[in-house]
Amino acid sequence: MQIDKGKISGIQFMFTVACFIQSSSLLTSFFTSITKQDSWIVVILGFVMSMPSLLIYTYIMKIFPDKNLMEINNMVFGPIMGKVVSVLYLWFFLTLSALNTKDLGDFVQKTTMQNTPPIIILGVFILLCAWAVRNGIKVVTRYSMFFTLIAILIVLSTIFFTINQMKIDNFLPMLEQPKMVYIQGTHIISTIPFGELIVFLMINPNLEIEPKKRRKYFFYAFIIGGLTLLTIVLRDTAVLGNTIKIFALPPFETLRLISIYSALSRVEVLFAVSLIMLMFFKICILYYVTVMSIAYIFKLQSFKSLVTSVGIIIIIYSFNIYPSIIAHINSASKTAPFEWFMFETILPFITIIVARIRKLPKLKKGMI
């Protein structure tokens with residue numbers, strides 16, 4: 001049973017995934033506070049270490065081309081255990097929605113709207129997201145290409161603006177930190193944000209792509225998003241050096257240092273606009289998969305009646321999940337990666353193992 005019958009093309013899917021990764025530029029402080037001037041190395045390591053998880057996701061997408069994650073759980077684990085696993089994933093998706101909503105609210109209030117109550121910022125934002133979610137996956141992903149290209153253009157432009165602030169010495173000393181620092185940093189970025197790509201298993205039935213070609217589009221998107229994130233970290237390290245560890249928003253601090261012609265003296269506004277745009281897109285995706293998860297768990301005929309109530313829950317949850325951005329960074333650096341690893345790698349791997357043992361689905365010749 002497919003509740004949302006909207007379809008998206010391969011190109012649209014590719015830019016959707018890329019845009020989702022790009023939106024995590026706000027979250028670089030999760031690992032830069034630990035890995036400092038070697039953060040760009042950790043991004044590369046995290047990129048490589050995330051490949052097995054992506055292979056797992058794309059394999060699941062290929063063998064269950066017409067099923068979303070909730071339906072796959074039910075098929076593989078049975079009606080009872082499958083429901084338990086699906087409820088756990090629902091909590092995961094809802095938590096990601098609340099965390100990203102809180103991150104955006106904190107960013108907007110601290111950088112552009114200091115005197116505006118957070119409830120107003122989040123209320124207006126979730127209202128816009130609700131409109132997109134209510135209209136289905138085609139509307140949610142419609143502007144993914146535009147958002148992705150604009151983000152890339154802004155990143156390239158800010159490199160030009162900050163080039164006079166960059167110093168090669170800011171990358172030194174290199175590879176002189178304890179090994180555990182690199183392991184921790186790699187684990188963080190491979191789970192936040194790369195591992196979060198598991199949410200796209202929820203839109204698997206909406207892909208107007210042949211099952212065998214889904215891996216290609218997924219990996220192209222991963223490369224685009226990963227390179228954008230790497231470029232941002234390289235730029236910030238070249239400008240901030242070892243001091244990158246003390247900032248909650250390194251990209252924003254980098255652009256504040258720009259001092260050129262007066263007409264361009266507030267280039268950080270470019271980053272703010274770009275990030276708000278990207279975060280809007282990411283939260284729409286998370287919001288959508290949360291709503292769809294509830295609809296499939298409770299076997300509803302329509303998801304639209306859930307949109308408003310889920311939006312209210314996300315706002316309430318976001319206000320209570322962490323007391324401050326520092327607490328969020330501390331959790332994301334120490335505990336969240338281990339919790340997310342279960343949802344992003346262990347459970348999907350178990351899903352494949354159980355599916356193969358039970359010989360599910362009945363594969364047609366040439367699918368693998």
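Worth a mention:
- Whole-angstrom gap from segment 39-117 to segment 298-338, using each part's C-alpha centre: 12 Å
- 10 Å Cβ shell holding at most 12 others, DSSP loop, GluC sites (Glu not before Pro): longest site-free stretch of the chain: 1-175
- Relative to the longest principal axis of the Cα atoms of the chain, the long axis of helix 307-320 makes an angle of roughly 50 degrees.
- Couplings for segment 148-161, taken from phi via the Karplus curve 6.51 cos²θ - 1.76 cosθ + 1.60 with θ = phi - 60°, read 5, 5, 5, 4, 5, 4, 5, 4, 5, 5, 5, 5, 4, 5 Hz in order; Gly and Pro are left as x.
- Relative contact order (percent, whole number), the chain, Cα cutoff 8 Å, 6+ residue spacing: 41 percent
- The simple spin-label model puts a point 7 Å past each Cα toward its Cβ; for T112 and D66 those points are separated by 4.4 nm.
- Measuring between alpha carbons in the structure, the pairs from K62/K282; K138/K282; K83/K334 lying more than 20 angstrom apart are K62/K282; K83/K334.
- The W91 and K167 beta-carbon pair, evaluated with R₀ = 35 Å, returns a calculated FRET efficiency of approximately 0.20.
- Using the Karplus relation 6.51 cos²θ - 1.76 cosθ + 1.60 with θ = phi - 60°, the per-residue 3J(HN,Hα) values for segment 223-234 come to 5, 4, x, x, 5, 5, 5, 5, 4, 5, 5, 4 Hz, with x marking Gly and Pro.
- Given in Å, the Rg to one decimal and the Dmax to the nearest whole number for the Cα atoms of the chain are 20.3, 66.
- Spin-label model distance (nm) - Q2 vs L55, 7 Å beyond Cα toward Cβ: 2.9 nm
- Summed side-chain charge close to L201 - residues other than L201 whose Cβ falls under 12 Å, Lys, Arg +1, Asp, Glu -1: 0
- Potential lengthening between I159 and R142 on full extension [0.36 nm per residue; Cα-Cα distance subtracted]: 3.3 nm
- Each residue, L300 and S331, gets one label point 7 Å from its Cα in the Cβ direction; the gap between the two is 2.5 nm.
- FRET E, pair K213, I321, Förster distance 41 Å, beta-carbon r, rounded to 0.05: 0.60
- With respect to the chain, whose longest principal axis is taken over its alpha-carbon atoms, helix 51-63 is tilted by about 30°.
- Estimated at 0.36 nm per residue, the fully extended path between I312 and N242 surpasses their Cα-Cα distance by 21.2 nm.
Every number here is computed from the coordinates shown, using simple stated rules; none is lab data. Keep in mind that this is a model prediction, so the values were computed, not measured. Positions of Cβ are backbone-derived with ideal geometry, glycine not excepted, and every protein chain shown enters the neighbour counts.
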